[in-house]
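Since the structure comes first, as structure tokens, the remarks are kept for the end.
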Amino acid sequence: MSFIIILLKYIREIVRILFFTVKYRKNLCQFAKVKLYRESKFIIGENSIIGNAQSPGYLSYAYIDVRKGSEGILIGCDCRIGNQFTAISESKIVFGNSCLIGNRLKVFDSDFHSTDIYRMNKNALKSPVVVGNNVFIGDDVLILKGVTIGSNSVIAAGSVVTKSFQSNVIIAGNPAKLIGHVE
């Protein structure tokens, strides 16, 4: 019986490799839940890490969902992403290189459904999310569709980012606003 289970796991892994574009390096925490559809793309760069292996159970959980039709989720090199990271893509989500991201970041590039009560399952608005290089993001941040964060910026803990910001800025609040510049 155990041989059959091992064989089925092996076959499942072969199918996943053949039908999904998943590229990751050895530093990706293996316990992160990743949900992908055929022709989905999730790429994580060299020396990037999602989660902290020392955190027990649920605290180390990450949820990455690349939905059908999305261009994918791309995470650059040398990024550190905290526990309970959530990214759901229907368009495209990109993180540049050398980003430092706190716990419980949530990134959504879509509204998931229309706000018209008669069309709730159709025509959701979606727009890419792009985070530049060397961006520091504090704990409990939410980044919504269509946002671009310029390089060398800081997003304070607890911020809700609903619009784009240039490089070298410090933003905070709900909704996030410019509060300073990085020098």
Problem - Pair list, Cβ under 7 Å, 6 or more apart: region 162-183 residue touching a residue at least 24 places away in the same chain (Cβ under 8 Å), other residue not in a loop (DSSP other than H, G, I, E, B) - result: V182/V154; V182/V169; V182/I170
Handout entry: In region 91-114, residue farthest from A156 (Cα to Cα) [restricted to those that are over 12 Å from the mean Cα position of the chain (by Cα) and part of a strand (DSSP E or B)]
Key = S110
Completion exercise
Residues of region 130-153 being over 17 Å from the mean Cα position of the chain (by Cα) and either crowded, with 20+ Cβ neighbours inside 10 Å or modelled with pLDDT under 95 (or both), in sequence order, are S153
Problem - Single condition T162 does not satisfy, out of (1) under 23 Å from V66 (Cβ atoms); (2) surrounded by fewer than 16 Cβ atoms within 10 Å (Cβ to Cβ); (3) at pLDDT below 95 - result: (3)
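Within region 133-183, track down each residue that is part of a loop (DSSP other than H, G, I, E, B), touching a Phe, Trp or Tyr at 6+ places or on another chain (Cβ under 7 Å) and farther than 23 Å from S48 by Cα. Don't jump to the end; show me each part of the working.
Here is the first cut: in region 133-183, the ones part of a loop (DSSP other than H, G, I, E, B) are 133-135, 138-141, 144-147, 150-153, 156-159, 162-164, 166-168, 173-176, 182-183.
Retained after the next criterion (residues that are touching a Phe, Trp or Tyr at 6+ places or on another chain (Cβ under 7 Å)): 144-145, 150, 153.
Within region 133-183, K145 is the sole residue that qualifies.
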Fill in the blank from the handout: Only one of F95, F31 is modelled with pLDDT of 75 or more and either loosely packed, with under 14 Cβ neighbours inside 10 Å or not β-branched (V, I, T) (or both), namely F95
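The values are calculated or read from the model by the stated rules, or taken from the named source; none is laboratory data. On a predicted model such as this, the values are computed, not experimentally measured, just so you know. So basically every Cβ, Gly included, is an ideal-geometry build from the backbone, and we count neighbours across all protein chains shown.
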